[in-house]
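Each remark here refers to the structure printed beneath this line.
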Amino acid sequence: MPVAEFGGNSAWLEMARLAWNIGKWIALLALPEESIRWEWKRFRLAFVYVAAQVLRRGRQVTVRISASHRFHRLFIAAHERLEI
């Protein structure tokens, strides 16, 4: 969140810019074309704020995304595209 100091605002701007670029990069690589045109708020609600469980079993870490999430199938498709 922006603060009263120039250095703090500069850091906040750079973090926001990096988040925007990473979101667009992921959309280009793995998500459907329609998600590239989404505003940041819709992208954030769809792909950043996600109910999930992080499971540690043996030496593996697994992330289990809630099947009731609206974009569950897009997550699975994106993961498969990125694995190739």
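Only a single criterion out of (1) at pLDDT 85 or above; (2) surrounded by 10 or more Cβ atoms within 10 Å (Cβ to Cβ); (3) outside any strand (DSSP E or B) is not satisfied by Arg64, namely (3). When the criteria are applied in full, Leu55 meets the requirement of being among the aliphatic types (A, V, I, L, M) and modelled with pLDDT of 85 or more.
Return yes when Ser35 is part of a loop (DSSP other than H, G, I, E, B) and on the phi < 0 side of the Ramachandran plot and no when it is not. Spelling it out, it is not the case that Ser35 is part of a loop (DSSP other than H, G, I, E, B) and on the phi < 0 side of the Ramachandran plot.
Please find, within the stretch 67-84, the residue that is modelled with the lowest pLDDT out of those that are exposed (fewer than 13 other Cβ atoms within 10 Å of the Cβ) and more than 18 Å from Ile22 (Cβ to Cβ).
Keep residues of the stretch 67-84 that are exposed (fewer than 13 other Cβ atoms within 10 Å of the Cβ), which gives 67-68, 70, 73, 76, 79-84.
Now drop any that are not more than 18 Å from Ile22 (Cβ to Cβ), which leaves 67-68, 70, 73, 76, 80, 83-84.
Working: Ala67: 86, Ser68: 88, Arg70: 86, Arg73: 86, Ile76: 84, Glu80: 86, Glu83: 83, Ile84: 70.
So, considering only residues that are exposed (fewer than 13 other Cβ atoms within 10 Å of the Cβ) and more than 18 Å from Ile22 (Cβ to Cβ), the one modelled with the lowest pLDDT is Ile84.
For the stretch 9-23, the criterion of being acidic (Asp, Glu), at pLDDT below 85 and not in a loop (DSSP other than H, G, I, E, B) is met by none of the residues. Look through the stretch 12-44, keep the residues that are among the basic types (Lys, Arg) and over 18 Å from Leu82 (Cα atoms), and return whichever of them is surrounded by the most Cβ atoms within 10 Å (Cβ to Cβ). Result: Arg44.
The values are calculated or read from the model by the stated rules, or taken from the named source; none is laboratory data. If you're wondering where the values come from, they're calculated on a predicted model, not measured in any experiment. Glycine gets a Cβ as well: all are built from the backbone with ideal geometry, and neighbour counts include every protein chain shown.
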